[in-house]
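Report on the structure given below.
The values are calculated or read from the model by the stated rules, or taken from the named source; none is laboratory data. All values reported here derive from a predicted model rather than from experimental measurement. Counting neighbours? That spans all protein chains shown, and the Cβs are built from the backbone with ideal geometry, glycine included. The area values use the complete protein model at the heavy-atom level, side chains included, leaving out ligands, DNA and RNA. Shrake-Rupley method; radii C 1.70, N 1.55, O 1.52, S 1.80 Å.
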Amino acid sequence: MSLRDAALAFALLALSACVTFERAPVATLACDPALAGQWRPIKDGPQDRVIEVAADCTVRWPEDDGGTYTTTLEGFALGESRYLVFAPAIADRLMGAGGDMLRNAPAGSVFMVRYRIDGDRATVWLADADEAMRPAAKGLARGRRLDASNVHVEGSRKAIAALLRARGETLFDIDANGRGALTLQRIAPETTP
């Protein structure tokens, strides 16, 4: 599935396949206060859009029609790795998928993105469908192909957490040229005189 050009801070990348997860690996999702601020895509996104994230993780997302979509960013950390979790309906809206994500996502599943914040820069990755299909060691969650473009990772919370700990770096990876990553720059809020 292809994504529109706009980029939700920490959630969206252009790619040809989507990976859903049976569940988040934690029972309770939380706000990451480090996300607060105004962000502008500087790589793989339109530089004229500003994405606003409030201290309570409410995000104001600029839409193509000039409107704004508001939702809340929720996620978790496993060790040093940070993830955001989206219900299919929210991911579909943010990605401008026109219902494709809702149609293709198994009931109760979630989409996850991995992100890293370094000072005033954030880098975001979606899961790689080919990597999600690689055989997993015993006790890890496993991917199964839903169709030519969609992979679903199945397993208990514990198994998905184990998969992310063991293979998170490769599951949410970029190539040597940086493709597959969205980079955002935190910008100073505009002030009016």
Scan the stretch 122-148 for residues that are among the aliphatic types (A, V, I, L, M) and open to solvent by 50 Å² or more (accessible area, probe 1.4 Å) and report the count. 4
Given (1) at pLDDT below 90; (2) open to solvent by 60 Å² or more (accessible area, probe 1.4 Å); (3) in contact with a strand residue (DSSP E or B) (Cβ under 6 Å, 6 or more places away or on another chain); (4) not in a loop (DSSP other than H, G, I, E, B), index of the condition E169 fails: (3)
Could you please find all residues in the stretch 11-29 being within 14 Å of the chain's Cα centre (by Cα), at pLDDT below 95 and in a loop (DSSP other than H, G, I, E, B)? A11, L12, L13, A14, L15, A17
Among the residues of the stretch 62-121, how many are at pLDDT below 85, of a type outside the set (A, V, I, L, M) and surrounded by 14 or more Cβ atoms within 10 Å (Cβ to Cβ)? 7
